[in-house]
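The structure appears below as structure tokens.
The values are calculated or read from the model by the stated rules, or taken from the named source; none is laboratory data. Remember, it's a predicted structure, so these values are computed and weren't measured experimentally. No Cβ is skipped: glycine too gets one built from the backbone with ideal geometry, and neighbour counts run over all protein chains shown.
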Amino acid sequence: MAVSILARAGVDDENISSRNHGNVPEARIRPGVATALILFHASVVLAPWTFTWAGFFTACALVLLTGPIGIGLGYHRLLCHRSFATASWLRYLFALLGVLACQRGPLAWSALHRLHHRDSDTDDDPHMSGRGFLWAHILWAVSDQVAGRVTKERIRKLTADLHREPVLRFLERNFFALNALFALGLFLLGWLLDGFQLAASLVVWGFFVRIIYTWHVTLLVNSVSHRWGYRNYASPDNSRNCWWVALLTFGEGWHNNHHHRPRCAAHGHRWFELDLTYRAIRLLEWTGLAHGVVRPGKRLVFNRLESAGEMINGVPLAVRARWRWRPRNDPAAQT
């Protein structure tokens, strides 16, 4: 039986409040998802008893590969927002690293994020920050309300541009299997190198601890960066720039900048706004591995494929999304 977790809360922020419509049904927990989430967090209890330096450094390396590179650079800026382009082999390598972050497959992740931009801080936003910090941070992920909104058909419609790629469809279908195989691979590697102790350490630290850390760092962008921080740009949502979230996420915390220009590859727009993910994209471009980088301060070409940009016919993206006006047949218009 589903368990009630949230009756619509009062809103304490004027900017968020102005975007609520009062028609939010009560959300309920999905027991299976909640159980998996609890078990993943409970596994961290084993960390002190399975600690090895090999396990710790494996976790650190995988945090970097699957978090800032897999999610921030791969899922977010490359796939979802098309802020730059790469050769297919590198594109799919980044997508695979995103899969191993265990934050949904590339199509479902992109669909949720495109919904967030289209309906940011309205009642239709999956992460709606006006429902409270815990909802924006993690409760939305176990809610039947969000699951009902992101059906397979809806994902296909929101990510029609990505759905045409067979490799991305394969990664989406095999999301759970790939993560299970990766955990098994860590265990077997540890067993072959130094027996059960190292095998357990690599699994607990390199899989569970690493995934929990990466989850919560990513989720801070939904919760903290829609509640605390400063704004460089006026926008109809409650996006904020939070310096410490930006440091933890390699630039994703400059969230108000990102909502102002969603397709821009650079999220840091001022000299002190360090964005290591953008630096990585520029490095890829310098080596010839990336092209078509959408830079700050350059006017975009407003054709159908570029309609995910900041303004179309003089209408800012955030306002356009609020009015529910979009170019036809362009799912990336949500981004």
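A246 meets the stated requirement of being in contact with a strand residue (DSSP E or B) (Cβ under 8 Å, 6 or more places away or on another chain) and of a type in the set (A, V, I, L, M, F, W, C).
Give region 99-118 a look and list any residue that's part of a loop (DSSP other than H, G, I, E, B) and in contact with a Lys or Arg (Cβ under 8 Å, 6 or more places away or on another chain), or say none.
Listed by number, the list holds a single entry, G105.
Results for (1) more than 24 Å from R82 (Cβ to Cβ); (2) β-branched (V, I, T); (3) out of contact with any helix residue (DSSP H, G or I) (no Cβ under 7 Å at 6 or more places or on another chain), shown as yes or no for each residue.
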residue: K157; (1), (2), (3): no, no, no
residue: L162; (1), (2), (3): no, no, no
residue: A177; (1), (2), (3): yes, no, yes
residue: G185; (1), (2), (3): yes, no, yes
residue: V209; (1), (2), (3): yes, yes, no
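Within region 130-141, restricting attention to residues that are buried (at least 22 other Cβ atoms within 10 Å of the Cβ) and out of contact with any Ser or Thr (no Cβ under 9 Å at 6 or more places or on another chain), which residue is farthest from T151 (Cα to Cα)? My answer is R131.
Out of the residues in region 228-239 that are closer than 15 Å to H137 by Cα and surrounded by 20 or more Cβ atoms within 10 Å (Cβ to Cβ), state the one that is nearest to the chain's Cα centre (by Cα). So that I can check it myself, show each step before the final result.
Filtering region 228-239 for residues closer than 15 Å to H137 by Cα gives 228, 238-239.
Now drop any that are not surrounded by 20 or more Cβ atoms within 10 Å (Cβ to Cβ), which leaves 238-239.
Values: N238: 17, S239: 15 Å.
In this case the residue turns out to be S239.
When you scan region 68-77, do you find a residue that is buried (at least 20 other Cβ atoms within 10 Å of the Cβ), over 26 Å from L202 (Cβ atoms), at pLDDT below 90 and basic (K, R), even just one? Checking region 68-77: not a single residue is buried (at least 20 other Cβ atoms within 10 Å of the Cβ), over 26 Å from L202 (Cβ atoms), at pLDDT below 90 and basic (K, R).
Out of V221, V203, V209, which single residue is out of contact with any Pro (no Cβ under 9 Å at 6 or more places or on another chain), of a type in the set (A, V, I, L, M) and closer than 25 Å to V294 by Cα? I'd like the intermediate steps shown before the answer.
Details: V203 fails: closer than 25 Å to V294 by Cα; V209 fails: closer than 25 Å to V294 by Cα.
When all the criteria are applied, what remains is V221.
The conditions are (1) over 30 Å from G268 (Cα atoms); (2) modelled with pLDDT under 95, and N222 fails exactly one of them. Which is it? Just one mismatch for N222, condition (1). Is at least one residue of region 58-65 buried (at least 16 other Cβ atoms within 10 Å of the Cβ), closer than 30 Å to K157 by Cβ and within 19 Å of the chain's Cα centre (by Cα)? No. Among the residues of region 262-283, which ones are over 21 Å from the mean Cα position of the chain (by Cα) and of a type in the set (A, V, I, L, M)? Residue satisfying the conditions is L283 alone. Considering each residue of region 44-55 in turn, at least one proves to be among the β-branched types (V, I, T), free of Cβ contacts under 8 Å to residues at least 60 places away in the same chain and surrounded by fewer than 20 Cβ atoms within 10 Å (Cβ to Cβ). Please verify whether region 183-206 includes one or more residues that are modelled with pLDDT of 95 or more and either of a type in the set (V, I, T) or outside any helix (DSSP H, G or I) (or both). Yes - at least one qualifying residue is present in region 183-206. Criterion applied to V315, V294 was being surrounded by fewer than 21 Cβ atoms within 10 Å (Cβ to Cβ), β-branched (V, I, T) and either touching a Ser or Thr at 6+ places or on another chain (Cβ under 7 Å) or modelled with pLDDT under 95 (or both), and the one residue passing it is V315. Among the residues of region 208-250, the ones that are in a loop (DSSP other than H, G, I, E, B) and not hydrophobic (A, V, I, L, M, F, W, C) come to 11 in all. When residues in region 111-129 are screened for being out of contact with any Ser or Thr (no Cβ under 6 Å at 6 or more places or on another chain) and either hydrophobic (A, V, I, L, M, F, W, C) or at pLDDT below 80 (or both), 3 of them pass. May I ask you to list the residues in region 131-161 that are of a type in the set (G, A, S), modelled with pLDDT of 80 or more and not in a loop (DSSP other than H, G, I, E, B)? Residues satisfying the conditions are A136, A141, S143, A160.
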